[in-house]
Amino acid sequence: MRNYSNIVIVASFFGLWMDSFISTKIQIMLGFFLIFTFGILHGANDLLLIKNIKTVKQSNSWFKILGYYIVVVLTGALLFYKIPQVALLLFILVSAYHFGEQQWQDLLDTFPKWFQMAFQFLYGFIILQLLFVFHSGEVQSIIVNIANINIPSQYFVLLLQISSIAFIGLSTYLYWKSEKIRKKLLLEFFYLLLFAILFKSSSLIWGFAIYFVLWHSIPSIIDQIKFLNGSFSLKYFIAYCKAAGIYWLISIIGITLIYYICKEEQLFNALFFSFLAAITFPHAVVITNMFGTKQTKK
């Protein structure tokens, strides 16, 4: 999968081209289809990953791990029910770091941990803010439905400006200190420009789905398979899907129930993203530990 970066760039431009020919309704349907397949799938094997993480596999039984995982998911769901403002903020912060960590997982090892985390967080936060800025109206409606607060669109622009300045500052330092990372930095700035064009030109769900699936979920699946098996192949991918099947099915059933409970689009979007958040919290922790275990093996 060494040429995946070239494939995903072409696929992203193809998605952008499709935007001109399909209606917003079709975009939303295709977007949810991508999220429900590869998007949900990439987080459905967390328990298998936990069993193979060095720090926990020797000391915890499978049922104990499953219990912890369910407790974290239910705690996330409870947070959205009791204090949705705090839960939503945590979801955005955790997602931002999770997105940035996937993109910059092993290129910052020579820098202090706080610097790595700040850089990864800012990268992911910029991606989210680009999405928020170009779809501020829809994002505001979702936030109102989830947390019952109205955030002025100017705040999204301000947060994007502040995070961009901070990211450029850290990137300049990286460019100066590490010659091996310079090409990657320039490439990632190109990617951010591509994301901006994609988010601006497409609907909220379609733009998010293209990024979430092509740029995050599929690379994550590839990394997970390499972690579990030492390499990536079609055989290992099929085994990965089989192992994740029951958890993926449970997630789809949960989303289907949400849809039938509330068919109004904005309310469904709000509950859908709340559902994603509840399963994102433990997933982000698992992936962070997976990357940590990978680094100790080097």
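Here are the numbers for the structure shown:
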quantity	calculated
Condition check for Phe156: crowded, with 20+ Cβ neighbours inside 10 Å and over 30 Å from Gly292 (Cβ atoms)	yes
Residue in the stretch 273-296 that is at pLDDT below 95, aliphatic (A, V, I, L, M), open to solvent by 40 Å² or more (accessible area, probe 1.4 Å) and in contact with a Ser or Thr (Cβ under 9 Å, 6 or more places away or on another chain) present	yes
Among the residues listed as Phe227, Phe232, Phe237, the single one being free of Cβ contacts under 8 Å to residues at least 60 places away in the same chain, hydrophobic (A, V, I, L, M, F, W, C) and open to solvent by 10 Å² or more (accessible area, probe 1.4 Å)	Phe237
Qualifying residue in the stretch 203-214 (condition: polar (S, T, N, Q) and either part of a helix (DSSP H, G or I) or out of contact with any helix residue (DSSP H, G or I) (no Cβ under 9 Å at 6 or more places or on another chain) (or both))	no
Lone qualifier among Val133, Val157 - being hydrophobic (A, V, I, L, M, F, W, C) and within 30 Å of Pro112 (Cα to Cα)	Val157
Extreme residue, most open to solvent (accessible area, probe 1.4 Å), among residues of the stretch 16-39 that are among the aliphatic types (A, V, I, L, M) and assigned to a helix (DSSP H, G or I)	Met29
Any pair with Cβ under 9 angstrom, 6 or more apart, that starts in the stretch 149-161 at a residue that is free of Cβ contacts under 8 Å to residues at least 60 places away in the same chain and closer than 20 Å to Ala87 by Cα and ends at one that is among the small types (Gly, Ala, Ser) and surrounded by 14 or more Cβ atoms within 10 Å (Cβ to Cβ)	Ile151/Ser136; Pro152/Ser136; Phe156/Ser136
Filter result (over 22 Å from the mean Cα position of the chain (by Cα) and surrounded by fewer than 16 Cβ atoms within 10 Å (Cβ to Cβ)) within the stretch 171-185	Thr172, Tyr173, Tyr175, Trp176, Lys177, Ser178, Glu179, Lys180, Arg182, Lys183
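The values are calculated or read from the model by the stated rules, or taken from the named source; none is laboratory data. Here the structure is a predicted model, which is why all the values come from computation and not from measurement. Cβ: placed from backbone, ideal geometry, glycine included. Neighbour counts: every protein chain shown. Each accessible area value is taken on the protein alone, full model and side chains, heavy atoms only, with ligands, DNA and RNA left out. Shrake-Rupley method; radii C 1.70, N 1.55, O 1.52, S 1.80 Å.
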